[in-house]
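Below is one structure; the comments refer to it alone.
Coordinate-derived values only; no laboratory data. This structure is a prediction, so every number in the text was calculated from the model and none was measured. Using ideal geometry, Cβ is built from the backbone for each residue, glycine included, and neighbour counts are taken over all protein chains shown.
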């Protein structure tokens, strides 16, 4: 599964500066590596049982050595800059396009309220998708749903269509990550929001894997693209670096 995100994550792996002098275990074509969308890293199995890793930003900077964090082995990644996923700056709403494998992800509360920040903007742009999130939360105990992700549809109506049946599957998805039980002054503490973000991201990853986008024929899904703002950094007042650290944690992206 290949995923593109709008948020880049920094690598915690140190890469040697003089890469031409590095004694590498092997040279691997980037097409043979796996791209982790959330961490923004490429990885490849290491003989020790762990894996070699290199951050996409490092590759964009011309670095080519992937390091295994559990042993001393390194590999050289063979690639062209054109092989790397495209960086997509811009407004989260602008990333919406009529494809089931396009996902807009943001953090929200368990009360179903979307009256401020990014959630308010998404509500104005995609009212039906936001209402589905609100309906899901209605009447539920926050303890039952905190740390989960509610995925709803953003429906596109072609100009020539006159009914829902003529939409022809023209939709993408909105991933509402429930990272705080409440909002405003009653929002959860930052450390709790960070923990609950990890759980919600795992839930989103599980949902993506269940869809089998990569196995679908052309027009039915295909390459997954996940776009996100800097989650929790707005009205939840959580430092982006704290959320980013969760994204980088090994327990999140590897079972």
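Just a few scattered comments:
- A simple packing score, the average count of other Cβ atoms within 10 Å per residue, orders the peptides 180-187, 197-204 as 197-204, 180-187, with the highest score first.
- FRET efficiency for residue 209 and residue 50, using Cβ-Cβ distance with R0 set to 25 Å, rounded to 0.05: 0.70
- Length added when fully stretched, residue 192-residue 22, from 0.36 nm per residue minus Cα-Cα: 57.0 nm
- At R0 = 51 Å, FRET efficiency that the Cβ-Cβ distance of residue 241 and residue 170 yields, to 0.05: 0.85
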